[in-house]
Amino acid sequence: MAYVTNSDRMLIGGELVHSSNGEFDPSINPANEAVIGRSPRGTTEDVARAVASAQAAWPAWAATTPGERGARMRAFGQALKARAEEILHVEVADTGNTITPMRGDVGMAVESLDYYAGLIHELKGETIPATPDNLHITLREPYGVVARIAPFNHPLMFAVARTAAALAAGNAVIVKPPETSPLSAMVLAEIAREALPQGVFNIVTGTGATVGDAIVRHPDIKRIAFIGSPGTGRAIQRAAADVAVKHVTLELGGKNPLIAFPDTDPDVIAAAAMRGMNFTWQGQSCGSTSRLLLHEDIHDAVLDRVVERVSKLRLGDPADPATDMGPVNSRVQLEKVLAFFEAAKVDGARLMTGGGRPDGAPFRRGFWVEPTVYADVRPGMRLWQEEVFGPILSVGRWKTVDEAVELANSTEYGLTGAVWTNDIRNALNVARRVRSGHIWINGCSSHFLGVPFGGMKNSGVGREEGIEEMVSYTEAKTINIMLN
Ligand code: NAD
């Protein structure tokens with residue numbers, strides 16, 4: 001099979017380059033295991049060159065006016081838009097995510113660039129009346145060189161939407177794309193090279209162990225923003241602390257509850273449970289409400305409906321708009337999901353649908369698993385405690401509001417949560433008591449630009465997607481002007 005893209009270069013210091021040792025990694029289409037492209041296997045030297053070029057570039061970038069900087073960012077967005085179809089096809093083939101919802105990813109990237117471009121004027125300091133005779137002011141200064149390390153589920157969107165705030169604040173960025181889905185990053189490299197000043201936007205592909213670690217340990221990168229698994233997040237905190245004092249923010253996993261009250265329509269809850277699980281990307285979404293907590297009065301009615309819907313999901317070619325669910329992203333992900341099927345058996349969860357690999361010729365090659373529902377999932381079971389990051393929905397039941405809250409909070413995670421009820425008091429009471437950073441009342445899954453997103457407990461540190469994210473890429477400098 002032909003490559004889906006011939007773009008195979010990183011972006012370092014305004015140049016499209018291969019790695020310092022000339023090595024590549026093949027990229028695999030998870031739907032059929034065909035090799036569909038390649039990416040440079042970046043090295044520690046590549047990271048060092050990217051940091052040096054970013055270090056040289058950021059002062060001039062930070063010295064541009066808000067208008068100039070914003071205009072460059074918006075133009076970057078327009079250039080992305082011009083290649084949106086190409087990026088979409090690369091991304092679908094490289095991630096396994098289905099094509100229709102993936103159409104939104106470039107749009108989200110462009111909107112984020114526009115949003116932060118418009119916010120630059122809000123990078124204001126303060127005047128503090130600490131003493132009556134003097135002036136005490138703060139300035140917001142960029143860190144200089146910052147890094148973004150991204151996961152495999154939305155590589156292009158994270159590389160752009162989650163660096164826009166850093167660019168707006170006047171930093172130069174180093175992006176580390178995910179190694180299992182790196183191809184869109186090399187199309188992005190070509191676009192960013194034309195759209196942004198040399199050295200302001202750098203991309204270094206390669207493994208987490210080499211490139212990721214070199215970024216985290218580089219003494220000139222004080223600000224690191226990570227999206228990925230909790231284990232890697234903690235490894236990054238440790239490695240960063242070995243080297244220097246760093247500002248590390250983490251967007252990690254979740255085992256997010258959707259709590260349904262008995263006053264809700266079972267059909268509505270079943271539809272919400274489907275949306276909340278993000279089967280369109282095989283459940284590989286940090287915000288997926290993968291624990292469905294049903295009040296006992298509606299438990300059976302909702303469960304029947306959910307099982308019926310899940311068993312009808314059409315698996316197939318992610319590039320076909322008729323497909324509901326594609327393959328999981330990699331062999332590693334596949335094995336992780338399969339291990340959960342085994343654990344569910346051992347723990348005694350009740351399998352309702354799925355629970356294995358699909359039959360049939362189209363699924364012989366590729367990383368396919370069936371969309372799956374387990375009932376009677378309880379605290380203590382692996383399926384209750386651990387993020388699968390795959391298409392497994394776990395269903396539990398509750399009787400009292402206190403019990404629902406306790407169950408919701410009974411994992412180490414606290415990323416998202418959803419409450420479904422028409423009773424405003426129950427809705428707000430539960431929303432306030434659930435220890436998650438992002439709660440939907442009568443909603444699920446959606447992110448809203450400008451509205452902070454991030455996790456409590458072991459789901460993360462920091463908030464992204466709002467003005468707070470932009471401010472987090474600056475340091476306050478206080479100046480005391482002694483007038484007397
Ligand atoms: P991962 O942690 O395996 O990898 C993420 C990135 O970290 C990759 O680019 C990888 O190369 C890099 N990396 C790996 N080891 C590293 C190291 N030692 N030092 C520096 N970088 C290293 O995660 P994944 O499997 O790609 O993504 C799935 C995880 O991401 C899930 O847990 C999911 O919940 C989480 N996620 C969170 C959010 C959020 O906003 N909270 C969004 C999407 C995904």
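The values are calculated or read from the model by the stated rules, or taken from the named source; none is laboratory data. From a predicted model like this one, the values you see are computed outputs, not experimental measurements. A quick note on method: Cβ atoms are made from the backbone with ideal geometry, for glycine too, and the neighbour counts reach across all protein chains shown. Surface areas here come from the heavy atoms of the whole protein model, side chains and all, with no ligands, DNA or RNA. Shrake-Rupley method; radii C 1.70, N 1.55, O 1.52, S 1.80 Å.
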Run the count for the chain, please: Lys pairs, Cα-Cα under 16 angstrom, 8 or more apart or on different chains. 7
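State the Kirkwood hydrodynamic radius of region 257-448 in Å, one decimal place, computed from all pairs of distinct Cα atoms. Before the final figure, lay out each step's value.
Numbers: mean 1/r = 0.0602 Å⁻¹.
Result for region 257-448, one decimal place: 16.6 Å.
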Could I have the simple spin-label model distance between A84 and E111, label points 7 Å from Cα toward Cβ, reported in nm to one decimal? 1.1 nm
For G396, what is the net charge nearby, where nearby means another residue's Cβ is under 12 Å from its Cβ and Lys, Arg count +1, Asp, Glu -1? +2
A student asked for the Cα radius of gyration and Dmax of region 57-212 in angstrom ought to give 17.4, 64
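What percentage of the solvent-accessible surface of region 257-448, computed with a 1.4 Å probe over protein heavy atoms, is contributed by carbon and sulfur atoms?
Details: 3860 of 7890 Å².
Answer for region 257-448: carbon and sulfur cover 49 percent of the accessible area.
Let me know the shape class of region 141-268, please: from the alpha-carbon gyration tensor, a ≥ b ≥ c as square roots of the eigenvalues, rounded when a/c is under 1.5, otherwise prolate if a/b is greater than b/c, or oblate.
Numbers: a/c = 2.00, a/b = 1.53, b/c = 1.31.
Prolate.
How would you order 236-244, 97-105, 40-48 from highest to lowest mean count of nearby Cβ atoms within 10 Å?
Peptide ranking by packing, descending: 40-48, 97-105, 236-244.
Express the accessible area of region 257-448 per residue in Å², computed with a 1.4 Å probe while the remaining protein chains stay in the model.
Values: 7890 Å² over 192 residues.
That works out to 41 Å² per residue.
Checking the a/c ratio against 1.5 first, then a/b against b/c, what shape does the Cα gyration tensor give for region 180-252?
Numbers: a/c = 2.28, a/b = 1.57, b/c = 1.45.
Judged from the Cα gyration tensor, region 180-252 comes out prolate (a/c at least 1.5, a/b above b/c).
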For region 267-284, Karplus-derived ³J(HN,Hα) couplings (6.51, -1.76, 1.60; θ = phi - 60°; whole Hz; x for glycine and proline) come out as 5, 5, 5, 4, 5, 5, 4, 5, 4, x, 7, 6, 4, 4, 10, 6, x, 7
Cβ crowding within 10 Å averaged over residues, with 129-136, 435-442, 449-456, 307-314 ranked highest first: 435-442, 449-456, 307-314, 129-136
Per DSSP helix of 4 or more residues, -39500 (n - 2.57); summed, then divided by the residues of the chain. What does that give at 222 nm, rounded to the nearest 500? -11500 deg cm²/dmol
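Given R₀ = 60 Å, FRET efficiency for K312-E475 by Cβ-Cβ distance, to 0.05?
Details: r = 53 Å, r/R0 = 0.88.
For R0 = 60 Å, the calculated efficiency reads 0.70.
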Listed by chain and number, the residues whose amide H is under 5 Å from that of S229, excluding neighbours fewer than 5 places away on the same chain and using placed H, are none
Quick check: pseudo-label points 7 Å beyond the Cα along Cα→Cβ at R331 and N422, how many nm apart are they? 5.3 nm
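Based on the Cβ-Cβ distance of Q385 and A48, what FRET efficiency does E = 1/(1 + (r/R0)^6) give at R0 = 45 Å, to the nearest 0.05?
Efficiency, from the Cβ-Cβ distance: 0.65.
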Nitroxide proxy distance, nm - points 7 Å out along Cα→Cβ at T65 and R238: 5.0 nm
Extension gain (nm, one decimal) between E122 and V451, 0.36 nm per residue minus Cα-Cα: 116.8 nm
Derived scalar couplings ³J(HN,Hα) [region 148-165; Karplus, 6.51 cos²θ - 1.76 cosθ + 1.60; whole Hz; x for Gly, Pro]: 10, 10, 10, x, 8, 6, 9, x, 5, 4, 5, 5, 9, 4, 9, 10, 4, 5
Arrange the peptides 141-150, 317-326 so that the one whose residues have, on average, the most other Cβ atoms within 10 Å appears first. 141-150, 317-326
Stretch gain in nm, segment A431-T138, where the contour uses 0.36 nm per residue and the Cα spacing is subtracted: 101.9 nm
Stretch gain in nm, segment E194-R103, where the contour uses 0.36 nm per residue and the Cα spacing is subtracted: 30.4 nm
Considering only the other residues whose Cβ falls under 14 Å of the Cβ of S459, what net charge follows from Lys and Arg at +1 and Asp and Glu at -1? +1
Label the chain by shape, choosing from rounded, prolate and oblate, from the square roots a ≥ b ≥ c of the eigenvalues of the Cα gyration tensor; if a/c is under 1.5 it is rounded, and otherwise prolate applies when a/b is larger than b/c, oblate when it is not. oblate
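Please report the net charge: other residues with Cβ closer than 13 Å to the Cβ of I298, K and R +1, D and E -1. Walk me through the intermediate numbers first.
Numbers: positive: R305, R397, K399; negative: D263, D265, D267, E296, D297, D300, D304.
Summing Lys and Arg as +1 and Asp and Glu as -1 gives -4.
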Inter-part distance where region 352-412 and region 252-324 are each reduced to a Cα centre, Å: 10 Å
For region 404-412, just list the computed ³J(HN,Hα) in residue order, Karplus coefficients 6.51, -1.76 and 1.60, θ = phi - 60°, integers in Hz, with x standing in for Gly and Pro. 4, 5, 4, 5, 4, 8, 8, 10, 6
